[in-house]
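S.K.: My structure is below; once you've seen it, I'll send some questions.
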Amino acid sequence: MTDRILYFRQPSFVTYGFGTANLAGEEARNLEMTRVLLVTDEGVQGAGLVDGVLESLQDVGIAVEVYNQIGSNPETTMIEAALTRLQEVPANGVVAVGGGSPMDAAKGIAFLATNGGRLQDYIGQTIPKAPLPSICIPTTAGTSSEVTNNIVFTDSESRYKFGLSSPNCAATRALVDPEMTMTLPASLTAATGLDALTHAIESVTSQGAYDLTQAMALDAIRLIGQWLPVAVEQGDSREARERMMMACLEAGIAFNQSRLTIVHAMSHPVSGWCGTPHGVANAVLLPYIMAFNVPYAEKEFGEIARALGVDTSGMLPLQAAESAVGRVRELNDEMGIPEGLAECGVTEDVIESMTEDAMKSGNVRINPRPVTREDIVALYREAM
């Protein structure tokens, strides 16, 4: 039994299944949008993934302004420019089509439109006002931004990659359509899928975890272990794409309640300082940090190993826990993930700056193992 008081809040209303992206117009009209800023990136638009959403919006009489200048690691200046465009239109709603970057951007634009100021003003602060209505349509099975209260940006001047978390940072609606991932290249399928795996593993082992969140996260791990290799090898497999999208959804809902551990605390600075794609940074760091945490979460890591398909019968609890680390290393290798941070462009001279930023994360406090600044430095160096 627990003497904790547990909370579960899922502010984004989710519609799931093949073809749900085509409901964008209907959902926008229900939210009383009349003019929207559609936030995406050039790659997603070039792949044709915006076309159906645009048509759905226009079919119900909603005027649309497409904004596609969001980079792979969204920066504060990008959001400021997009907000200016929203105000010029002017738009009374935001729709995102893309991976984590366009979705985080859209959610940031929506809350700044009603709360004012700059993103940096809200670090460690509450966000008092409800945002403009927003709809997020993911094109990857990875970030889960469509169902979380979290948004992450890099300060364009200081290179500090920071997160904000509030129900007022959440999307109003999430249209989770596996069809939108069918043309995702193998390398992006792998990186985003491992991002989802990181979310799930961190959610299981976080000090904020409890039965409900762990059940969802463990099922996400099971699905990813089984279906990510299939989705990478057979990108046109509808079953693999659907299973991966469900895993991403489960992991996102789970960690939105439990929060994460130091994998994300350490990966955000890697992206902020070195431009490494978020999913790749997570995947590289994940086994090193799992190994660091194993002695403090043997039971949980044993469950993770079994969810990943490892036969732990006959193993001692510590052996079972360590086998989870081994399986993640194998999966990284199968997915073509670099073995260390040096291959991602990280150099020794930025470790101190990355460590300083990592220690600012609230995830440090809920890691299963107590963490010092020296631990972070040592882990970065070990992962090089």
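S.K.: Over the chain, calculate the relative contact order: mean separation of alpha carbon pairs under 8 Å at least 6 apart, over the residue count, as a percent.
M.R.: Computed value for the chain: 15 percent relative contact order.
S.K.: Of THR34, THR126, THR154, which is the most mobile in a GNM of the chain whose springs link Cα atoms less than 10 angstrom apart?
M.R.: Between THR34, THR126, THR154, it is THR126 that shows the largest mean-square fluctuation.
S.K.: Also, quick follow-up: Calculate how steeply helix 317-334 sits against the longest principal axis of the alpha-carbon atoms of the chain, using the helix alpha-carbon long axis, and give the answer as 0 to 90 degrees to the nearest 10.
M.R.: The helix 317-334 is inclined about 50 degrees to the chain.
S.K.: May I ask you to list the trypsin sites (Lys or Arg not before Pro) in segment 2-101 that are in a DSSP loop and have at most 15 other Cβ atoms within 10 Å of their Cβ?
M.R.: Sparse-neighbourhood loop trypsin sites (Lys or Arg not before Pro): ARG4, ARG9.
S.K.: Which residues make up the longest stretch of the chain clear of chymotrypsin sites (Phe, Trp or Tyr not before Pro) that lie in a DSSP loop with no more than 14 other Cβ atoms within 10 Å, not counting the sites?
M.R.: Within the chain, the longest run free of exposed chymotrypsin sites (Phe, Trp or Tyr not before Pro) spans 9-384.
S.K.: Next up: Name the residues whose placed amide hydrogens come within less than 5 Å of the amide hydrogen of MET384, ignoring near sequence neighbours (fewer than 5 apart) on the same chain.
M.R.: Correct list: LEU341.
S.K.: Counting only pairs 8 or more places apart or on different chains, how many lysine pairs in the chain have C-alpha atoms closer than 23 Å?
M.R.: 4
S.K.: Which residue, THR347, THR205, THR76, tops the fluctuation ranking in a GNM of the chain built on C-alpha contacts under 10 Å?
M.R.: The residue that fluctuates most here is THR347.
S.K.: Nearest 5 percent is fine: what portion of the DSSP beta bridges confined to segment 13-181 is antiparallel?
M.R.: Counting only bridges with both partners in segment 13-181, antiparallel ones make up about 20 percent.
S.K.: Follow-up. How high is the relative contact order of segment 186-382, in percent, counting Cα pairs under 8 Å that sit 6 or more residues apart?
M.R.: For segment 186-382, the relative contact order is 27 percent.
S.K.: Quick query: amide H of VAL66 versus all other amide H atoms, modeled in the peptide plane; which residues come in under 5 Å with a sequence gap of 5 or more or a different chain?
M.R.: LEU38
S.K.: Of ASP195, ASP177, ASP59, which has the largest mean-square fluctuation in a 10 Å C-alpha GNM of the chain?
M.R.: So, out of ASP195, ASP177, ASP59, the one fluctuating most is ASP59.
S.K.: Please compute the modelled spin-label separation between PHE18 and THR372, points set 7 Å along Cα→Cβ, answer in nm with one decimal.
M.R.: Placing both labels 7 Å beyond Cα along the Cβ direction yields 5.5 nm.
S.K.: Follow-up question, since we're still on this one. Tabulate in residue order the Karplus-calculated ³J(HN,Hα) for segment 114-121, using 6.51 cos²θ - 1.76 cosθ + 1.60 with θ = phi - 60°, rounded to whole Hz; enter x for Gly and Pro.
M.R.: Going residue by residue, I get 9, 9, x, x, 10, 4, 4, 5 Hz, with x marking Gly and Pro.
S.K.: Which is the longest part of the chain that has none of the GluC sites (Glu not before Pro) sitting in a DSSP loop with at most 14 other Cβ atoms within 10 Å?
M.R.: Longest site-free region, per DSSP loop and neighbour criteria: 158-338.
S.K.: Using the Karplus curve 6.51 cos²θ - 1.76 cosθ + 1.60 with θ = phi - 60°, what ³J(HN,Hα) values do you get for each residue of segment 251-267, in whole Hz, with x for Gly and Pro?
M.R.: Rounded to whole hertz, the list is 4, x, 5, 5, 6, 5, 8, 8, 6, 10, 10, 7, 4, 6, 4, 8, 6.
S.K.: Distance between the C-alpha centers of segment 102-159 and segment 261-312? Whole Å please.
M.R.: A separation of 24 Å, based on Cα centres.
S.K.: Projecting each Cα onto the charge dipole of the chain (Lys/Arg +1, Asp/Glu -1 at the beta carbon, about the Cα centre), which of LEU57, SER72, LEU6 comes out farthest on the positive side?
M.R.: LEU6
S.K.: For ALA96, list long-range residues whose amide hydrogen, built 1.01 Å from N in the peptide plane, is under 5 Å from its own amide hydrogen.
M.R.: Residues meeting the amide H criterion: VAL39, ILE135, CYS136, ILE137.
S.K.: Another question, if that's okay. For the chain, give me the percentage of DSSP beta bridges that are antiparallel, rounded to the nearest 5 percent.
M.R.: Given both bridge residues lie in the chain, the antiparallel proportion sits at roughly 20 percent.
S.K.: Does the chain classify as rounded, prolate or oblate by the C-alpha gyration tensor (a ≥ b ≥ c root eigenvalues; a/c under 1.5 gives rounded; else a/b over b/c gives prolate, otherwise oblate)?
M.R.: prolate
S.K.: So how tilted is helix 278-293 from the main axis of the chain? Cα-based, degrees 0 to 90, rounded to 10.
M.R.: Compared with the principal axis, the helix lies near 30 degrees.
S.K.: Pop out the ³J(HN,Hα) list for segment 217-233 in order, Karplus 6.51 cos²θ - 1.76 cosθ + 1.60 with θ = phi - 60°, rounded to Hz; leave Gly and Pro as x.
M.R.: Coupling constants for segment 217-233: 5, 5, 5, 4, 4, 4, 5, 5, x, 7, 10, 4, x, 5, 4, 6, 7 Hz.
S.K.: If you don't mind, another one. Taking Cα pairs under 8 Å and at least six residues apart, what relative contact order does segment 129-281 come out at, in percent?
M.R.: 30 percent
S.K.: Okay, moving on. Find how much the distance from ASP333 to TYR210 grows on full extension, using 0.36 nm per residue of separation minus their present alpha carbon separation; answer in nm with one decimal.
M.R.: Stretched out fully, the ASP333 to TYR210 stretch lengthens by 41.2 nm.
S.K.: So for ASP236, ASP41, fewest C-beta neighbours within 10 Å to most, what's the order?
M.R.: Result, fewest neighbours first: ASP236, ASP41.
Every number in this text was worked out from the coordinates using simple rules, so none of it is lab data. Given the structure is predicted, the values throughout are model-derived calculations rather than measurements. Glycine also receives a Cβ, built like all others from the backbone with ideal geometry; neighbour counts cover every protein chain displayed.
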